[in-house]
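Quick one: the structure is below, questions incoming.
The values are calculated or read from the model by the stated rules, or taken from the named source; none is laboratory data. Bear in mind that the values here come from a model prediction, so they are computed numbers and not experimental data. Methodologically, a virtual Cβ is constructed for each residue, glycine included, from the backbone with ideal geometry; neighbour enumeration extends over all protein chains shown. Heads up: the accessible areas ignore ligands, DNA and RNA and are worked out on the full protein's heavy atoms, side chains in. Shrake-Rupley method; radii C 1.70, N 1.55, O 1.52, S 1.80 Å.
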Amino acid sequence: CEEVTLVLGSVAWRNDVATRRFSRDSAPVEVSAHNAWLQQTLKAPDIELLIAEDNAASALGTVRWDRRSEHGTWEVSITVAPEVRGRGLGVRLLQRAEDWLADRADVRALVAVVRFDNAPSGAMFRRAGYTEDVPLDATFMRWRKRLT
């Protein structure tokens, strides 16, 4: 079992074909636009952006937490690096990021928005203890994990 640490920082994964296919916005992102988004995100008080690395400092994925208006609720967005997908890392990255967030913020519930046709993400969230909550539209389902 690889030890995973969470640190900060990239655009290639965002523009990966599979990542874009399952994103809310599937359009490719220009580097300049991504850099502007990253600078804004890093300054935002209600967003936590993490990059997961293994012990060799090889990047494995990203986890972003966005505080929602419902008290103690955070929405997660997770991307596993294309070259390491299918190895079961998503659940471990997610659980480590959940622990990281819980150590730093008031967390009562976690939510994720997943495309209905994204079976691997749905399975990952289910394994991590999330349950289907409500459909947001014909394309996306919100998943929820209550902590209190």
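Based on C-alpha coordinates, I'd like the Rg and Dmax of the chain, in Å.
14.7, 41
Then there is this: Roughly what % antiparallel, to the nearest 5, for the DSSP beta bridges in the chain?
Beta bridges within the chain, antiparallel portion: roughly 90 percent.
What is the percent carbon and sulfur in the accessible area of the chain, measuring with a 1.4 Å probe over the protein chains and ignoring ligands?
Carbon and sulfur: 50 percent of the exposed surface of the chain.
Something else: Among ALA105, ALA138, VAL29, flag the residue with its Cα farthest along the positive direction of the charge dipole of the chain, charges on Cβ as +1 for Lys/Arg and -1 for Asp/Glu.
Going by the charge dipole, the pick is ALA138.
For the stretch 52-127, rounded, prolate or oblate, judged on the Cα gyration tensor with a ≥ b ≥ c (square roots of eigenvalues), a/c < 1.5 rounded, else prolate if a/b > b/c?
oblate
In square angstrom, what is the accessible area per residue of the stretch 57-108 with a 1.4 angstrom probe?
For the stretch 57-108, the solvent-accessible area averages 48 Å² per residue.
Oh, and also: Take the alpha carbon gyration tensor of the stretch 23-72, find the square roots of its eigenvalues, order them as a ≥ b ≥ c, and report rounded if a/c is under 1.5; if not, report prolate when a/b exceeds b/c, else oblate.
Since a/c reaches 1.5 but b/c is at least a/b, the shape of the stretch 23-72 is classed as oblate.
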